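Heads up, the thing below is written out as structure tokens.
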Amino acid sequence: MTPLHLVADAGPTLAPGLDGFRLILHVLAATIWVGGQFVVAGLLPTIRTLGEDAPKKVARAFGRLMWPAYAVLIVTGFWNISAVHPKGATSAWNAVLGIKIAFVVIAGVGVFLHQRSTSKVGLAVWGAVGALASVIALCLGVFLAG
């Protein structure tokens with residue numbers, strides 16, 4: 001038995017300190033970026049009752065949380081890749097990683113365009129693109145974590 005085999009038989013283990021910290025930061029940022037979009041969307045009917053400018057004020061306030069979370073996702077995402085990317089990764093794993101990175105970019109662009117949109121159609125379309133791409137990126141990340 002090799003040491004690797006003995007570790008495999010030991011069952012699940014805890015992530016070491018720095019790995020745990022990296023994962024906590026990544027998951028926390030994802031909860032803000034992805035979850036926050038759905039929370040704000042769910043609260044929007046109520047927010048609209050607070051006044052004509054309330055949705056814009058809430059969106060700006062959320063943006064002060066959302067964009068730093070997106071930046072943390074990008075930094076910890078590359079940190080994740082450098083920390084866990086197996087040298088013998090399958091072509092499928094690498095393909096999913098590439099697709100995930102594309103959806104992360106699409107999510108950021110979609111949310112950015114949503115924030116810059118001046119029409120109801122633009123707000124709806126780009127908000128949907130940003131949210132859907134964010135969820136897809138999240139799901140692909142779970143598959144990559146395997």
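The values are calculated or read from the model by the stated rules, or taken from the named source; none is laboratory data. Just so it is clear, the model here is predicted, and its values are computed rather than measured. All Cβ positions, glycine included, derive from the backbone under ideal geometry; neighbour counts span all protein chains shown.
So here's what we get for this one:
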read-out	value
Residue list for region 107-123, filter: within 14 Å of residue 40 (Cβ to Cβ) and not β-branched (Val, Ile, Thr)	114, 115, 123
Pick from region 38-55, criterion within 20 Å of the chain's Cα centre (by Cα) and free of Cβ contacts under 8 Å to residues at least 40 places away in the same chain, ranking: surrounded by the most Cβ atoms within 10 Å (Cβ to Cβ)	40
Some residue of region 115-123 being surrounded by 15 or more Cβ atoms within 10 Å (Cβ to Cβ) and under 13 Å from the mean Cα position of the chain (by Cα)	no
Region 63-75 residues that are farther than 16 Å from residue 130 by Cβ and in contact (Cβ under 8 Å) with a residue 24 or more places away in the chain, paired with ones that are assigned to a helix (DSSP H, G or I) and not acidic (Asp, Glu) (beta carbon under 8 Å, 6 or more apart)	72/25; 72/26; 72/28; 72/29
Residue within region 4-19 that is charged (D, E, K, R), modelled with pLDDT under 95, over 21 Å from residue 83 (Cβ atoms) and not in a loop (DSSP other than H, G, I, E, B) present	yes
Qualifying positions in region 108-146 - farther than 21 Å from residue 24 by Cα and touching a residue at least 60 places away in the same chain (Cβ under 8 Å)	111, 127, 130, 131
Unmet criterion (only one of (1) surrounded by fewer than 14 Cβ atoms within 10 Å (Cβ to Cβ); (2) out of contact with any Asp or Glu (no Cβ under 9 Å at 6 or more places or on another chain)) for residue 83	(2)
Count - residues of region 88-130 that are under 23 Å from residue 145 (Cβ atoms) and basic (Lys, Arg)	1
Condition met for residue 120 (under 25 Å from residue 20 (Cβ atoms) and charged (D, E, K, R))	no
Test set (1) in contact with a helix residue (DSSP H, G or I) (Cβ under 9 Å, 6 or more places away or on another chain); (2) at pLDDT 95 or above - residue 49 fails condition number	(1)
Whichever residue in region 60-86 is of a type in the set (Gly, Ala, Ser) and under 19 Å from residue 144 (Cα atoms) and, among such residues, is modelled with the highest pLDDT	77
